[in-house]
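Below: the structure, in structure tokens.
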Amino acid sequence: MRAFDYARATEAAEAVGSDARLLAGGTNLLDLMKLEVETPARVLDINRTGLDRIEADGEGLRIGALVSNSACAADARVRADWPLLAQAILAGASPQLRNKATMAGNLCQRTRCQYFMRTDTRCNKREPGSGCDALEGVNRNHAILGASEACIATYPGDMAVALAALDAWVEIDSPSGRRSVALREFHRLPNGIAHRDNVLEPGEIITAITLPAPVRGRQIYRKVRERSSYAFALVSVALVLRMDAGRIAAAQLAFGGLAHKPWTDSRVAEALLGQKPSPALFDKAADLLLSGAQGQGENDFKIPLARRTLAAVLHDATKE
Amino acid sequence: MSENCAARLTVNGSPEDFLGDPRRSLLDFLRLDLKLTGTKKGCDHGQCGACTVLVNGQRINSCLSLAVMHDGDEITTIEGLGPASALSELQRAFVTHDGFQCGYCTPGQICSAKAMLDELAAGWPSAVTKDLTSGPIPSDEELSERMSGNLCRCGAYPNIIDAIRAVMQAEEPA
């Protein structure tokens with residue numbers, strides 16, 4: 001690990017305008033610092049800034065940036081009204097990591113692949129302009145949607161996929177004041193600048209994640225992976241769906257494991273609305289989702305896997 | 001750069017001062033500075049669970065945390081659960097049920113199991129909990145999922161589950 005200056009903040013305002021890397025749970029940042037993939041000169045420990053409360057926000061919920069993933073998944077309100085979020089958090093990492101990992105830190109975990117994690121390979125995300133060894137390399141876990149020649153890594157998180165389906169917002173304090181960004185717009189695609197994973201600017205700090213009023217209907221997070229626990233998604237589907245008189249009355253979807261960010265595509269939900277569920281309808285939804293899908297060789301299997309996973313989740317959500 | 005930083009921790013009930021390079025992991029502080037070598041270094045990247053300790057009662061990977069981050073925290077290691085002369089229920093059950101072969105992962109397994117039982121008692125759900133609102137039923141599937149952050153390359157998993165279950169049964173109110 002490279003040497004750095006360490007400081008402890010006692011309030012979030014100290015992070016606003018700071019050029020230090022913000023240290024919360026550290027489960028991703030410290031791992032990457034050990035590998036010297038991340039080499040910050042200054043680190044500001046924000047764990048004592050009090051952003052660790054879950055509060056009612058009208059009919060919605062305001063989850064402080066430093067609430068641990070475990071605490072969020074165990075919260076009675078989250079389990080009752082936003083179970084998709086609890087399911088997605090519990091599908092990720094290990095209990096030890098979820099105890100330490102925070103809500104905002106989880107959002108800011110790096111989009112990454114094994115080449116990003118090794119300093120002896122070419123990686124545009126780690127070293128802009130150096131190239132991408134994943135294109136011709138081991139790319140079983142890589143993106144099939146929204147990728148570019150610059151980067152084909154996938155965003156590995158589960159929590160943010162559920163938050164995208166739930167239409168959550170990210171509350172950010174910046175030197176020019178407070179702003180909010182829709183979760184769906186928070187992470188970015190690699191075109192142009194592959195080394196930036198999200199729209200957070202230098203000197204900004206996430207203070208909370210907000211959930212709108214609960215959405216009625218079935219909430220399902222389905223994660224397909226290489227082993228049954230403690231592994232990243234090959235494909236995941238987050239779905240909130242409500243039926244009315246045999247037809248799909250509401251549907252909100254997001255997908256993990258497919259792209260550089262939690263993937264959303266409004267055409268998929270639009271195709272489902274007002275329709276009677278059927279295998280043909282689910283196939284049509286998958287056609288729309290995967291119309292631009294591009295395999296890289298080893299990950300070609302993700303295209304039919306995403307189709308089947310979407311169909312299975314839609315089947316489960318629409319059955320009597 | 002990396003000027004000495006300070007923190008005061010409580011480790012197994014004793015106050016301990018950390019003063020040193022902020023790069024010192026909590027794991028290295030425990031092992032190298034305090035000579036509490038029960039906690040083990042496996043992968044050093046949060047993937048194996050051998051370094052699991054309790055911080056304010058919650059299990060974490062001590063390899064992925066800096067000592068300096070733990071000012072004011074209470075740390076419990078395997079030595080704090082019970083010395084060789086006075087083993088805790090879980091430690092005795094791991095011996096009775098052969099919950100290990102080489103033993104390298106065992107301190108992490110036991111610390112993890114200790115916190116896992118507290119999480120179950122508090123009703124925390126897991127990825128295999130069928131009904132998120134009513135709370136978990138401690139099936140073998142639940143115990144395996146909840147212990148999935150601790151790898152055992154000897155493959156003592158069935159006996160680890162037996163040991164944990166024995167403690168759960170012993171603690172059940174009559």
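Values quoted throughout were computed directly from the atomic coordinates according to the rules given, and no laboratory measurement underlies them. Source: prediction; values computed, not measured. Heads up, the Cβs are rebuilt from the backbone with ideal geometry, glycines too, and the neighbour counts pull from every protein chain shown.
Grab the beta carbon distance between A:Asp244 and A:Glu14, set R0 = 56 Å, and tell me the FRET efficiency rounded to 0.05.
0.65
Subtract the Cα-Cα distance of A:Asp316 and A:Ser180 from 0.36 nm times their separation in residues, and report this length gain in nm to one decimal.
On the way: separation 136, 0.36 × 136 = 48.96 nm, distance 3.38 nm.
Gain on stretching A:Asp316 to A:Ser180: 45.6 nm.
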Counting Lys and Arg as +1 and Asp and Glu as -1 over every other residue whose Cβ sits under 10 Å from the Cβ of A:Ser236, the net charge comes to +2
Using the Karplus equation 6.51 cos²θ - 1.76 cosθ + 1.60 (θ = phi - 60°), what ³J(HN,Hα) coupling, rounded to whole Hz, does each residue of segment A:8-24 give in order, writing x for Gly and Pro?
-> 10, 8, 10, 9, 4, 4, 5, 7, 6, x, 6, 9, 7, 6, 7, 10, 10
Specify whether the C-alpha gyration tensor of chain A places it in the rounded, prolate or oblate class, a ≥ b ≥ c being the square roots of the eigenvalues: rounded for a/c under 1.5, otherwise prolate if a/b is larger than b/c and oblate if not.
-> oblate
Once you sort the root eigenvalues of the Cα gyration tensor of segment A:44-83 as a ≥ b ≥ c, which label holds: rounded (a/c under 1.5), prolate (a/b larger than b/c) or oblate (the other case)?
-> oblate
Qualifying lysines (Cα of each under 24 Å from Cα of A:Lys100; at least 8 residues distant if same chain) = A:Lys34, A:Lys223, A:Lys261, B:Lys40, B:Lys41, B:Lys114
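Give me the net charge of B:Gln58's neighbourhood, meaning all other residues with Cβ under 9 Å from the Cβ of B:Gln58; Lys, Arg count +1, Asp, Glu -1.
0
Scan segment A:1-49 for trypsin sites (Lys or Arg not before Pro) in coil per DSSP, keeping those whose Cβ has at most 15 other Cβ atoms within 10 Å, and list them by number.
A:Arg2, A:Arg48
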How high is the relative contact order of segment B:89-171, in percent, with contacts defined as C-alpha pairs under 8 Å that are six or more residues apart?
-> 47 percent
Could you give me the ³J(HN,Hα) list for segment B:84-91, computed from phi with Karplus coefficients 6.51, -1.76, 1.60 and θ = phi - 60°, whole Hz, x at Gly and Pro?
-> 4, 7, 8, 5, 7, 3, 5, 4
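Could you list the trypsin sites (Lys or Arg not before Pro) in segment B:96-174 that lie in coil according to DSSP, counting only those with at most 16 other Cβ atoms within 10 Å of their Cβ?
Details: sites: B:Lys114, B:Lys130, B:Arg146, B:Arg153, B:Arg165; in loops: B:Lys130, B:Arg153.
Those satisfying the criteria are B:Lys130, B:Arg153.
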Please list, in chain and number order, the residues 5+ apart from B:Ser25 or on another chain whose amide H is under 5 Å from its amide H, with Hs placed from the backbone.
-> B:Ala67
For segment B:26-42, 3J(HN,Hα) per residue [Karplus equation, 6.51 cos²θ - 1.76 cosθ + 1.60, θ = phi - 60°, Hz, x = Gly/Pro] = 4, 4, 5, 4, 5, 6, 8, 8, 8, 6, 8, 8, x, 5, 10, 9, x
Would you work out if segment A:100-163 is rounded, prolate or oblate? Take a ≥ b ≥ c from the square roots of the eigenvalues of the alpha-carbon gyration tensor; rounded if a/c is under 1.5, else prolate when a/b is larger than b/c, oblate otherwise.
-> prolate
Under a GNM of chain A (C-alpha, springs under 10 Å), which listed residue has the highest mean-square fluctuation: A:His142, A:His195, A:His187?
-> A:His195
Here, GluC sites (Glu not before Pro) of segment A:1-67 satisfying both criteria (DSSP loop; at most 16 other Cβ within 10 Å) are A:Glu11, A:Glu36, A:Glu59
Calculated [θ] (222 nm, deg cm²/dmol) that DSSP helices of n ≥ 4 give over the protein assembly as shown, each run adding -39,500 (n - 2.57) = -7500 deg cm²/dmol
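Taking 1 over the mean of 1/r across every pair of different Cα atoms in segment B:5-81, what Kirkwood radius in Å do you get?
The answer is 12.0 Å.
Pop the C-beta distance of B:Ala170 and B:Glu74 into the FRET formula with R0 = 22 Å and round what comes out to the nearest 0.05. Before the final figure, lay out each step's value.
Working: r = 26 Å, r/R0 = 1.17.
Computed FRET efficiency for B:Ala170 and B:Glu74 comes out at 0.30.
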Hey, with R₀ at 56 Å, roughly what FRET efficiency would A:Glu149 and B:Ala86 work out to, going by the Cβ-Cβ distance, to 0.05?
-> 0.35
